[in-house]
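As structure tokens, the structure follows; a few thoughts come after it.
We did not get these values from a lab; they are worked out from the coordinates using the rules stated. Keep in mind that what you see is a predicted model, and the values were worked out from it rather than measured. No Cβ is skipped: glycine too gets one built from the backbone with ideal geometry, and neighbour counts run over all protein chains shown.
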């Protein structure tokens, strides 16, 4: 019996010549990320455990993204504690307002194919898009890694999702992952690996693949992983000679296998207030919205902004409707300015915020009030996620968000792609 991609990465990391789901192993950590919201708690636990020096300052990345720009007085305290620790421990990799942590970790090649990485954020699964074993952990676990460079985990079983064929116009990777989560439920992959493959996935850009891996955790997955290929190696700045073994064996054992025909996918929305409350956009057409949001580590990349701009060019968003756009990184923002994308969005009436988590985690730049309804490209629509618990959040693709703010109501984007 062969091995899955997840099992192969873990075998390579530990030196084991055989692993199966359920095995308890200790991995050697290649990279970790801590963002500003949780940094003081990690640092506090690190000291409480009696550690004095981190195991390897070159393998630690700190990112200020949740609390920038600062919204509350206490936000600055988080930053000062982090900066003091970074200086004390000679940690060189720290990003202040450069973008969302998960975008930076992949974009700046901190995590590459075959590595084992952890972050103090559930959407660390995003790095599975480049063929890494990556998952979110708590600050106690992170403090232990800071001191030892190791962490024990249980080898997860793998669920395989084969998606083949061409996506219809107006349908994007966000619609794929929403369909899958709707099918298996918010707990359908708890502590399992979700492996995405098939000709459709092969045809997706790395950015679109990141959307799939990012939202795998919304089904409870430990990792959301995709076999690396030439696109991945180019994105990660690597040659592919040493990584050709990073693929599942033909006879690998999967817990379940799901088969999808891409041509049958359609635009979807996750309705309030659960990510697995999925329905077709066409069924929600006409529902009034007050605000749109395009951004986050799910769909704040250049191609997402380009999709929105292609729809909004030469048009104006509906009266009394707001559109908040937050690029996922500083480099994406700069490239979008260079290509004229930001200009198109601004002319259409969008409010463009600096690169950060922002509205996705209910922070600065567009907090919603009682009774407001938002359609957004991020990954969660829980009660109070974007402000008032009396607001409603719908999740959708950048295309669906763009066409909806044009009309002030939920609209099927396929009308604009026919």
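Under the definition of Cα pairs under 8 Å and six or more residues apart, what whole-number percent is the relative contact order of the chain?
Numbers: 1049 pairs, mean separation 74.8, N = 418.
In percent, rounded to a whole number, it is 18.
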Query raised in the report: How high is the FRET efficiency between residue 183 and residue 97 when r is their beta carbon distance and R₀ equals 45 Å, given to the nearest 0.05?
Result: 0.75
Query raised in the report: So, in nm, how far is label residue 47 from label residue 14 when the simple model puts each one 7 Å beyond its Cα toward the Cβ?
Result: 3.5
Requested in this report: Quote to one decimal, in nm, the extra length available between residue 169 and residue 122 on full extension: 0.36 nm per residue of separation minus the C-alpha distance between them.
Outcome: 13.8 nm
Report summary line: Mean separation of Cα contacts under 8 Å (at least 6 apart) over the residue count of region 197-356, i.e. the relative contact order in percent, is 17
Query raised in the report: How would you order 253-264, 371-382, 394-405 from highest to lowest mean count of nearby Cβ atoms within 10 Å?
Result: 394-405, 371-382, 253-264
Requested in this report: Return the distance in nm (one decimal) between the two label points of a simple spin-label model at residue 417 and residue 319, each offset 7 Å from Cα along Cα→Cβ.
Outcome: 3.1
Requested in this report: Arrange the peptides 137-147, 222-232, 88-98 so that the one whose residues have, on average, the most other Cβ atoms within 10 Å appears first.
Outcome: 222-232, 137-147, 88-98
**Report entry** Cα-derived Rg to Rh of region 106-159, Kirkwood definition
**Finding:** 0.96
Report summary line: antiparallel share of DSSP beta bridges within the chain, to nearest 5, in %, is 20
**Report entry** Evaluated over region 222-370, the Cα radius of gyration and Dmax, each in Å
**Finding:** 19.2, 57
Query raised in the report: Thinking of region 91-232 as a set of Cα atoms, what percent of all their pairs are more than 25 Å apart?
Result: 26
Query raised in the report: Could you give the semi-axes, largest first, of the ellipsoid that matches the chain, computed as the square roots of 5 times the alpha carbon gyration tensor eigenvalues and rounded to whole Å?
Result: 33, 27, 18
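Rounded to the nearest 500, what is the chain's calculated 222 nm mean residue ellipticity when only DSSP H runs of at least 4 contribute -39500 (n - 2.57) each, over all residues?
The helix-only estimate for the chain comes to -9000 deg cm²/dmol at 222 nm.
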